[in-house]
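Asker: This is the structure I want to talk about, given as structure tokens.
The values are calculated or read from the model by the stated rules, or taken from the named source; none is laboratory data. Just so you know, these numbers come straight off a predicted model, no measurement behind them. Here Cβ is always computed from backbone atoms with ideal geometry, including for glycine, and neighbour counts include all displayed protein chains. Keep in mind that these areas ignore ligands, DNA and RNA; they rest on the heavy atoms of the full protein, side chains included. Shrake-Rupley method; radii C 1.70, N 1.55, O 1.52, S 1.80 Å.
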Amino acid sequence: MVLRKVFSSATLLIAAVLLLLTGTSPAFAASSLASSNGLRVSPVRSDLTIKPGESQTIDVYVTNLTNGEADIKAVADDFTANPDESGTPAILLNGEKAPAHSLKGFVTPIGNFTIPPKGTKNIKVTVAIPQGTPGGGYYAAIRFLPATTDDKGKKNVNLTASVGSLLLVTVPGPYKEQVTLSSFDVRQRSDNGKMGQSSYLYTNNKNLYGVVRFNNTGDVQEEPFGKMQLKKGGKVIATYEINDTTPRGNVLPDSIRRFSVKLTGLGSIGKYTLEGNFGYGNKGQLLSASTTFYIIPIWILVIIGILILLIILGIFMIPKMLRKYNRGVINKASRNARR
């Protein structure tokens with residue numbers, strides 16, 4: 001009974017403080033990709049649609065940034081989504097094939113070539129999709145590196161460590177488009193750049209980010225897009241675009257990719273709601289989510305803690321003091337009666 005009173009009193013106190021603060025009732029509800037090792041490549045990504053039984057050739061321009069002649073080899077490698085959810089592909093080396101959505105076998109081999117100092121070479125890259133290939137997404141990276149470079153012994157490499165051009169191919173046909181929101185929340189980035197865990201309470205408005213994580217369980221790469229709206233007291237105080245680069249970032253099948261935007265327009269105290277409305281796919285499928293969070297400075301939390309402590313002391317100490325006082329009155333009355 002006593003504990004119930006303590007928790008009830010503490011809850012009412014916090015609610016009252018939040019009500020005063022917010023005026024409402026509380027309710028918890030690759031630039032480096034293009035240039036490396038003295039080479040530069042353009043474009044860094046090509047999105048193609050190729051029917052089974054057909055092929056397509058694109059131009060990839062490789063520039064030698066050095067003052068010497070460069071002997072170059074081109075290698076087609078599959079890649080997979082990076083487990084850090086950043087969207088940076090992880091290249092599979094040593095001829096390793098992606099478990100699904102492999103494209104390297106559909107790329108016509110490219111011979112070695114030489115680029116003069118400060119020169120640029122136009123490389124023809126042909127992708128041929130065999131008859132009977134199931135509909136869906138396929139992807140690979142065309143890497144360009146010195147002809148003497150040996151990748152043996154390496155298991156995989158982050159694409160930002162080598163110069164390459166990404167190929168993302170959509171093969172028409174029956175395939176599933178399915179993206180869900182793995183999470184939608186607010187997180188705080190530390191001074192060293194590390195993103196923290198999601199929370200509903202922050203002691204300051206520094207480096208707060210809206211974070212949305214898309215989970216692609218379909219058969220083809222997707223380019224989600226949309227907006228986040230920041231509200232306070234029902235009023236929109238800021239709007240942010242997500243994945244608005246050109247080209248848009250992809251979420252590969254069987255992977256999760258994280259997008260984040262820095263929240264601006266925040267005050268030093270208050271209750272905020274972040275709402276997200278996103279779209280993806282050929283049919284404009286929609287996804288929506290919202291989250292509520294509070295910014296309460298440390299000094300207010302300290303005051304709340306002190307008040308809660310006083311309430312607890314009052315609940316335990318005042319009845320004890322009253323009982324002691326009553327016993328004293330009774331004892332005094334008894335002594336007077338015996339006289």
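Asker: Keeping to the range 114-129, report how many residues are open to solvent by less than 50 Å² (accessible area, probe 1.4 Å) and over 24 Å from L168 (Cβ atoms).
Answerer: Qualifying residue count for the region: 2.
Asker: Another one. Name the residue, out of A34, A81, that is buried (at least 17 other Cβ atoms within 10 Å of the Cβ), within 25 Å of D185 (Cα to Cα) and modelled with pLDDT of 50 or more. I'd like the intermediate steps shown before the answer.
Answerer: Values: A34 fails: within 25 Å of D185 (Cα to Cα).
The conditions single out A81.
Asker: When the range 84-97 is examined, which residues are found to be part of a loop (DSSP other than H, G, I, E, B) and either touching a Leu at 6+ places or on another chain (Cβ under 6 Å) or open to solvent by 60 Å² or more (accessible area, probe 1.4 Å) (or both)?
Answerer: Hits for the range 84-97 are D84, P89, N94, E96, K97.
Asker: Between a residue in the range 197-216 that is at positive phi and any residue that is part of a loop (DSSP other than H, G, I, E, B), which pairs come within a Cβ distance under 6 Å, given they are 6 or more apart or on different chains?
Answerer: Pairs that qualify, where the first residue is at positive phi and the partner is part of a loop (DSSP other than H, G, I, E, B): there are none.
Asker: May I pose another question? For the range 192-203: of the residues being open to solvent by 60 Å² or more (accessible area, probe 1.4 Å) and of a type in the set (S, T, N, Q), which is farthest from M228 (Cα to Cα)?
Answerer: N192
Asker: Also: Is it the case, given these coordinates, that L18 is under 22 Å from T246 (Cβ atoms), modelled with pLDDT under 90 and either of a type outside the set (A, V, I, L, M) or buried (at least 17 other Cβ atoms within 10 Å of the Cβ) (or both)?
Answerer: Against the criterion (under 22 Å from T246 (Cβ atoms), modelled with pLDDT under 90 and either of a type outside the set (A, V, I, L, M) or buried (at least 17 other Cβ atoms within 10 Å of the Cβ) (or both)), L18 does not qualify.
Asker: If we scan the range 86-109, do we find a residue that is under 13 Å from L167 (Cβ atoms) and hydroxyl-bearing (S, T, Y)?
Answerer: yes
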